[in-house]
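None of the figures in this text is laboratory data; all of them are computed from the coordinates on show. Only a predicted model underlies this, so the values are computations on that prediction, with no experimental measurement involved. Using ideal geometry, Cβ is built from the backbone for each residue, glycine included, and neighbour counts are taken over all protein chains shown.
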2 protein chains.
Amino acid sequence: MSRGPNKKFEPEVALGKAMEVFWLRGYEAASLTELLQNMGISRKSMYDTFGNKQSLFLKALEQYAQTRLRSIREQLLASGSALNNIEQLLKSMQKTHGKPGSTGCMLGTCTADFNTSDVEIAPVLRSYYNRLENIYYEAISQAQTEGELNPQASPRDLARMLLCTTQGMALVGRVLDSETIPQSVVKMTIEALKKS
Amino acid sequence: MSRGPNKKFEPEVALGKAMEVFWLRGYEAASLTELLQNMGISRKSMYDTFGNKQSLFLKALEQYAQTRLRSIREQLLASGSALNNIEQLLKSMQKTHGKPGSTGCMLGTCTADFNTSDVEIAPVLRSYYNRLENIYYEAISQAQTEGELNPQASPRDLARMLLCTTQGMALVGRVLDSETIPQSVVKMTIEALKKS
DNA sequence: CAAAACTTAAACCAATTAGTCTAGGTTGTA
DNA sequence: TACAACCTAGACTAATTGGTTTAAGTTTTG
């Protein structure tokens, strides 16, 4: 057994704080100084624990994605009708991204933030989008088997539409000061699903 | 009349080159060095002509938006059916954003790049989104009066859906290496319009 | 108690940033 | 021809960046 005390700060908590800064500012614009201030730890501890800025970011992005994907999956797999769960999810997104000062989705922000040819980050983002698409796919399929959606429609196509529409809403919402656009988008998206 | 030669370089051409760099890299990551190299002018000329980096960026963004908006408007107002023009526009976007190495829409990239509370840039982006929404609105209205779309549907809602869906497709396309997602999105969007 | 594991604060480094300024060259016109 | 307008190249500044290292202090445990 090793001697001495264990880590005093909670790496996961500090990582969460770092995530908030990256989410708000983006990778480049998030300075070490601001990151450390929010994380509440010293420079040394950060480098000892997380390696460097890029790997800190990748860990923060991973935590964001897992938290977000789990939350969405839970909302979609809640008891009751699958279609209703999709509607409720979209409504909650409408509210979130319609708020002034909303920061959108961290995946989307990073998708814009990084050079498209960045071989380090692009595959990570692509994989998260795939997982998100698959979550939508499952929910739509379930709504179909429950008889709530047209069984002839392609759940794969619908899931992809849902993916891009919500990402677009989250992105545009960053500069909006009213809920009108998200309202329209969610309304039309739900109609599109039902009429598919 | 003033003496001496007029400007040797074309400010609009140089601005276009700057725009390309900003588009590819984003505001922060676009260094003066890279900008000047692409613009093909000296540091001094840039500061004399454009002021500083931020105003260079704002001018580049304005040029991008005007070029882009005009192009979209032209495609939508082309001769023939309004609905068909919308379809053709979406198909061209599908192709563009499905290409590996696609850089998305500069408006979207900047929307993610800047701090949401940036009072300088947020209103500019918001205004561009409004203009884009209005262009879609006109096209949809025309398709309705031409009897190609359900006249009961709200062209405002549909225009907003189109806005967010295309922005999302452009954004996600930055990390994609195949056309499958844009294909699905465009297919579903056209269906949604027709069934609205 | 003493050593190990952990912590912070701050000094430090090399590189890069946006922006300014100067010196010298070219070009066109009064 | 002489001067004004424009140009480039590059030196320079002041600040900031990510990252490293050092020194000193704290806590736990063998």
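Computed values, structure above
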{"item": "Matching residues in the range B:175-196 - criterion: being within 9 Å of another protein chain (Cβ to nearest Cβ) and not aliphatic (A, V, I, L, M)", "result": "B:177, B:180, B:182, B:183, B:184, B:187, B:189, B:191, B:195, B:196"}
{"item": "Residue that is in contact (Cβ under 8 Å) with a residue 12 or more places away in the chain, assigned to a helix (DSSP H, G or I) and in contact with a Leu (Cβ under 8 Å, 6 or more places away or on another chain), where the choices are B:38, B:85", "result": "B:85"}
{"item": "Some residue of the range B:144-158 being away from chain A (no Cβ under 11 Å) and of a type in the set (A, V, I, L, M)", "result": "yes"}
{"item": "Residue check, residue A:61 within 14 Å of chain B (Cβ to nearest Cβ), surrounded by 15 or more Cβ atoms within 10 Å (Cβ to Cβ) and either within 16 Å of DNA strand D (Cβ to nearest atom) or part of a helix (DSSP H, G or I) (or both)", "result": "yes"}
{"item": "Filter result for the condition that a residue is in contact with an Asp or Glu (Cβ under 7 Å, 6 or more places away or on another chain) and either away from chain A (no Cβ under 14 Å) or at positive phi (or both), over B:78, B:82", "result": "B:82"}
{"item": "Cβ-Cβ under 8 Å pairs, at least 6 apart or on other chains, the range B:52-79 side free of Cβ contacts under 8 Å to residues at least 60 places away in the same chain and among the polar types (S, T, N, Q), far side more than 16 Å from DNA strand D (Cβ to nearest atom) and not in a helix (DSSP H, G or I)", "result": "none"}
{"item": "Filtered residues of the range B:98-111 (kept if under 18 Å from residue A:105 (Cβ atoms) and touching a residue at least 60 places away in the same chain (Cβ under 8 Å))", "result": "B:104, B:105, B:107, B:108, B:109, B:110"}
{"item": "Looking only at the range B:30-56, and only at residues there that are closer than 18 Å to residue A:115 by Cα and near DNA strand C (Cβ under 9 Å from one of its atoms), the one that is farthest from the chain's Cα centre (by Cα)", "result": "B:33"}
{"item": "Given (1) at the interface with another protein chain (Cβ under 9 Å from one of its Cβ atoms); (2) more than 18 Å from residue B:106 (Cα to Cα); (3) part of a helix (DSSP H, G or I), index of the condition residue B:172 fails", "result": "(2)"}
